Amino acid sequence: MGRIALSTSNQSSDQIWQLFVEKGVMPRKGLRPEVARSWQRSRGIDPWQIKQDILSYSSLQARREQYSFLIEVANPIMQDICSLGGQNFVLLCDTEGYVLDTVSNVEYPQPIGQRLSEDTLGTNAIGLALVEGNAVELKGYEHYSSRYHSFSCAASPIRNEDGSILGIIDISNPYGDLPANVMKILGLGVKLIENQLRYRAEKIELQKIQRSYSAIIDVLPECMLLVDSSSGKIINANQKFLQMLGQKDKNQLIGRFLGDLISCSPVEINGLLSSEAEIPDLKLNFSWKNRLISCNLFCKRSINLGRGKKQMVLAFNQGQEIERERTAIYPLRATEPDAFDSLIGNSAQWTYIKHLARRAAPTASSILIQGESGTGKELLARAIHQASGRKGEFIAINCGAIPRELLQSELYGYEEGAFTGARRGGSLGKIEKAQGGTVFLDEIGEMPPDMQVSLLRFLQDRTITRVGGTNTRKIEVRVIAATNRDLNEAMRNGSFRKDLYYRLSVINIELPPLRERKEDIPLMAHYMVRELCLQQQLPTLDIDDEALKALVKYDWPGNARELNNVLEHAVVLSEGDCISRGDLPGYIFAAGDLGLNKAGKLEEYEKEAIINALRQCEGNISHTAKTLGVARNTLYRKLRKFGINADVHS
């Protein structure tokens, strides 16, 4: 161990270094602990004379071949880092400190093949990062060797998924300082490299799994299909299945959407791909090259590949080929369809929401559904009502679309003579019409304060009094409310009552925006296209991979409603049997090019969506609100917020 200096307050960094290398005196202050530890380990190295350890050409090529996967992924990112400016070069080293690859924008000899470890050069960024296992930055005299005292360097380990170090990436300026934010830049670069390496490893592992499954299912006597749970596309089929279809080339099936082969509804396809839905002894009809073949699905198993990726193994017993006109005698299901099958998606978030809704459905508790416009709040509310077993109707009320002065009579009804123009005999209110069923209060955040008091009273005693009347009526309904507003903020500013919030949110369900569950988009898109083709009385269209990638890339400020509108546009305009990228509206790509999808640009993105809708509807507020799936009051508030003049777009 070196001796400890009593004081270093008047010493410069070069004096501290010189005192240590000449006399072994370690300063009490002025030197970071990790650098001090490295200096101590470097004591046996000559600081003035570099001991070079350089690989021969053949050894370097062998190492580069060994680390080719890392070089291939890291090099583009190294170039990006180097292009940020300054006199820098970027190095990629292996776990022993040998330089495998370099990118440079400065005139300086590149140490390709040289070993830059701590035991050869003393304290340096690459060697220290390897020893300490952390990202480090060294400047000037912190380097042990005098040759590097003009350098500023930063290095960080690249780690495998198990945490072990794969290599080191380093950025160095041989003539001065690095950028002030260099550690953030380096950290981001490392994260990108690690993510791409993880993706490649997963892809390779997935290919191995698929080859293994292919070998296994080919020897089984049953007809077997392997399907991607997210997209619904066929990944593999065994020989028995191919024989059933009379198809020799497996590649004719791989990549096709499962719904193109099975004569059933998209909702039921979603059930087939869901790991949650149990479908015992299901009869299915496969349609292939003008043949209709009956099968029994006797087994389905979900394979969890990690990171939200799932595949479904479907096993069939072959039935008989049947004539098309006899398909009606083969029912698709022996049981009633699940109310929640219409909620298309198998992502973890969406599966949990369906699970929560199923648990809540048979109870009488009030439910508050929160989420952006177009996320499916009313669809979920209807599914909950359908699954509840309630005999009464599902009555929806848009609290933001009804004028304030009419809301009371719309909710609670009125007696004859209650006001000028009142109907003879009076009228039932929406809540009374829902007796024994469910009342859905959409856009509850738009309800005026005086009506909030009235609704709170109803929730407390479950009685109503019609406008202009005196008799109270006991009403038994399930209340589900929904909003796209931030009710916490509304409570803070006093526009929404806290006591009403707590009454409504006994069960609170938050629907994620579509941009947060993009893995569901392929399945949703196929479902929507099939439904739209049925509505338009058109042959069912497929969606090609490029179009699907564009749909997944876009961030969907209008959520599922906007996705459905875009796909309707594509279905109407498509001229082939497959929706292509060119069938999608141009703004899908323009928004991505302008960078409007980024989180920090969400408001600008929303403004752009409103302007597009206004242009499409020629400035008509009612039509624009309907297109966007919001109430007119909400649209007016947004127009004021963004300073948009609707008349300009008329």
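Laboratory data are not the source of any read-out in this text; all were calculated from the coordinates shown. Keep in mind the model is a prediction, meaning the values are calculated, not measured. Here Cβ is always computed from backbone atoms with ideal geometry, including for glycine, and neighbour counts include all displayed protein chains.
Below are the figures for this structure:
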item	result
Listed residue pairs exceeding 27 Å between alpha carbons, taken from 240/553; 309/354; 377/433	240/553
Residue-averaged 222 nm ellipticity for the chain, from DSSP H runs of 4+ at -39500 (n - 2.57), nearest 500	-11500 deg cm²/dmol
Cβ-based exposure ranking for 463, 102, 438, 470, in which fewest neighbours within 10 Å come first	470, 463, 102, 438
Most positive-pole-ward Cα, 399, 425, 414, against dipole of segment 388-435 from beta carbon charges	399
Rounded FRET efficiency, nearest 0.05, which uses the C-beta distance separating residue 14 from residue 96 and R0 of 25 Å	0.25
Dipole magnitude (debye, nearest 20) for the chain, charges at Cβ of Lys, Arg, Asp, Glu	1580 debye
Positive-end residue of 150, 40, 472, charge dipole of the chain with Cβ unit charges	472
Exposure proxy order (Cβ contacts within 10 Å, fewest to most) of 93, 533, 295, 617	533, 617, 295, 93
Estimated FRET transfer efficiency when R0 is 22 angstrom, pair residue 471-residue 393 (beta carbons, to 0.05)	0.45
Likely footprinting exposure, 249, 80, 520, fewest C-beta neighbours within 10 Å first	249, 80, 520
Förster radius 45 Å - calculated FRET efficiency between residue 498 and residue 552 (Cβ-Cβ, nearest 0.05)	0.70
25 Å Cα-Cα reach of residue 23 towards lysines, excluding residues that sit fewer than 8 places from it in its own chain	51, 139
Peptides ranked, highest mean first, by Cβ atoms within 10 Å: ranges 425-436, 572-583, 37-48	425-436, 37-48, 572-583
Gyration tensor (alpha-carbon) shape descriptor, segment 51-197, a/c threshold 1.5	rounded
Highest average packing first - 120-129, 19-28, 637-646, Cβ atoms within 10 Å	120-129, 19-28, 637-646
Loop GluC sites (Glu not before Pro), segment 96-127 (other Cβ atoms within 10 Å of the site Cβ: 11 or fewer; DSSP)	107
Protection-proxy order for peptides 172-182, 152-162, each taking the mean of Cβ atoms within 10 Å per residue, highest first	152-162, 172-182
Pairs from 549/638; 233/300; 203/300; 184/518 whose Cα-Cα separation, in the structure shown, is over 21 Å	549/638; 203/300; 184/518
Simple Cβ-charge dipole of segment 57-202, Lys/Arg +1 and Asp/Glu -1, about Cα centre, in debye nearest 20	160 debye
